[in-house]
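Report on one structure; see the data block that follows.
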Amino acid sequence: MPGEPHELTLYVQSKKAVTSFYQPAVQASPMGTTVMAGAASPTGEGGAVSDTPVYFLSDDQSRAAALVEELGVRRGYAVKIVDISKAGRLERLVTEHLRGVQNFPVLISPNGHRLEGCAQFTEEAICAMMPADLKSVRAFTYLKVRGGDLDRIRRLLESYPEVKELHFLTGDWDILVVLEFPGSTKNKRIVLDFVTERIRAIPEVLDTSTIVPEYSVSKFPISA
């Protein structure tokens, strides 16, 4: 519901760098020789070589993390990123969400659903994990139409920017129209004005019935 905090956890798995390509900066010693910064000097002075490991994240995991963070900001979610290669052993053992995980990264939703492996990190799949409050009025109008040129009615309805979807039905109603009005989060009248002034003005439209939700959440990608 509106106002509830949203947070997801993204678990990544980095690798420890094993390379001799990078070396610390060289600095001059007081005796005129050179030593590596942080290394012991010939006289035994200076700091010890740092044994802090250097970790790196693969490009595919980095891409997945960047996409999650970008969509999280857009959809109102905080994303906590945990690198299990740097986490303590006990923390890894008690992380129930990671039981049985074979591939990283892993995105965990508050209800326990998870997305696992780089191939699964598409915009659509991530958005499905982050249901977002709609920032516009979305409404649904049923139409009853008389027989006639259905293609002409369809083209006319499609020409309105407010019409996002058309669904042709069998039964009491002939067409379901999905409407959207960006920037009008609480204004029902703008919907009803459009239906009565534009849609009901179409000669073939005999009747309409409109539903305007009080609150809407979307799993689909939404504009920034």
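No lab work stands behind these numbers, since they all come straight from the coordinates. Just so we're clear, the structure is a prediction, and the values are computed from it rather than from any experiment. Cβ atoms come from the backbone with ideal geometry, glycine included; neighbour counts cover every protein chain shown.
Can you pull the one-decimal nm distance between simple spin-label points at Arg146 and His113, each 7 Å off the Cα toward Cβ?
Each label point lies 7 Å from its Cα, and together they span 4.6 nm.
Which value, in Å³ per residue, describes the convex hull spanned by the Cα atoms of the stretch 57-183?
Looking at the stretch 57-183, the number lands at 169 Å³ per residue.
Need the list of lysines near Lys164 for cross-linking: C-alpha distance under 22 angstrom, and skip anything on the same chain fewer than eight residues off.
Output for Lys164: Lys135, Lys144, Lys186, Lys188, Lys219.
Run the reach check for Lys15 against lysines, Cα to Cα strictly under 21 Å, same-chain hits fewer than 8 apart removed. What comes back?
Once the sequence-local lysines are set aside, what remains near Lys15 is Lys80, Lys86.
Starting from the Cα of Phe168, step 7 Å along the direction of its Cβ; do the same at Ser136; then give the gap between the two resulting points in nm.
2.5
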